[in-house]
């Protein structure tokens, strides 16, 4: 294993800590709810959904999170501005910790930012996400909402390589700071089917050069693969497991694992990877987990 020479930032977002050296903290897992075509959503535009089933999936994820020791950030997805209030209210009332506001367009995200400001939830919010193409109106909305945490998406379509991802990060950091962001989660961006490899290397380099928490939604690579080729259920689960674990071994601090229904798999394999990493660095560098809730102590008990 390895230890970064640069000091590693640890951010506390509504009592969830993210960042640090490999083995210090569990990987934070980010699962999506109310996403496009989510079966529990009855009307995406009006924000109507099955409250009983929504509570069920959130509760199940909480139980799995407690079992492995991996903290969670619930990714609240939305496609229509008028629906966001209902989605945000429900999650905020059923989850104690942080949640992300993940709008399909800038207008939706801006509506979400304005709402969390109005109801006093800004300190619990992770803005998902700030990209190199963000408009000034959105930057202003984030700043006015006093949101302090955000995912920075290193999207570089002109140069979709490891170096290309790093090239846009300086610009992203400057933009995020203008928006009042103080806690940066760097998403090294899946663009193609084999991208979990380059994405993981980019995570390593972000942490090595900047010391910032980094991660990715590597499940996206498998989802795009599945849309081109018929993967059976076992193949899909195994491919997603490999894709999500690969960055953890490279030092990732958070993983956007996809639909919240996948929690039972995602928490187990990411927690297991955390335990392996922590055990290795404890032997090599004497690095110990900063919490007794680390998967190292929970997975094998």
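Within region 194-241, how many residues turn out to be in contact (Cβ under 8 Å) with a residue 12 or more places away in the chain and outside any helix (DSSP H, G or I)?
Looking only at that region, the number is 10.
Among the numbered criteria (1) at pLDDT below 95; (2) within 21 Å of the chain's Cα centre (by Cα), which one does residue 1 miss?
(2)
Here's a check for you: in region 242-256, which residue that is assigned to a helix (DSSP H, G or I) and out of contact with any strand residue (DSSP E or B) (no Cβ under 8 Å at 6 or more places or on another chain) is surrounded by the fewest Cβ atoms within 10 Å (Cβ to Cβ)?
Within region 242-256, the match that is surrounded by the fewest Cβ atoms within 10 Å (Cβ to Cβ) is 242.
Please name all residue pairs, on different chains or six or more residues apart, with Cβ atoms under 6 Å, provided the first residue is in region 17-43 and is at positive phi and touching a residue at least 40 places away in the same chain (Cβ under 8 Å) and the second residue is surrounded by 24 or more Cβ atoms within 10 Å (Cβ to Cβ) and in a loop (DSSP other than H, G, I, E, B).
Between residues of region 17-43 that are at positive phi and touching a residue at least 40 places away in the same chain (Cβ under 8 Å) and residues that are surrounded by 24 or more Cβ atoms within 10 Å (Cβ to Cβ) and in a loop (DSSP other than H, G, I, E, B), the close pairs are 19/213; 19/253.
Kindly establish whether residue 266 is closer than 24 Å to residue 64 by Cβ, touching a strand residue (DSSP E or B) at 6+ places or on another chain (Cβ under 6 Å) and assigned to a helix (DSSP H, G or I).
yes
Can you confirm whether residue 25 is in contact with a helix residue (DSSP H, G or I) (Cβ under 9 Å, 6 or more places away or on another chain), within 24 Å of residue 275 (Cα to Cα) and not in a loop (DSSP other than H, G, I, E, B)?
No, not satisfied.
Scan region 5-14 and tell me whether some residue there is more than 23 Å from residue 152 (Cβ to Cβ), out of contact with any strand residue (DSSP E or B) (no Cβ under 7 Å at 6 or more places or on another chain) and in contact (Cβ under 8 Å) with a residue 24 or more places away in the chain.
Within region 5-14, the subset more than 23 Å from residue 152 (Cβ to Cβ) is none.
Within region 5-14, none of the residues are more than 23 Å from residue 152 (Cβ to Cβ), out of contact with any strand residue (DSSP E or B) (no Cβ under 7 Å at 6 or more places or on another chain) and in contact (Cβ under 8 Å) with a residue 24 or more places away in the chain.
The values are calculated or read from the model by the stated rules, or taken from the named source; none is laboratory data. For clarity, every value in this text was computed on a predicted model and none was experimentally measured. Methodologically, a virtual Cβ is constructed for each residue, glycine included, from the backbone with ideal geometry; neighbour enumeration extends over all protein chains shown.
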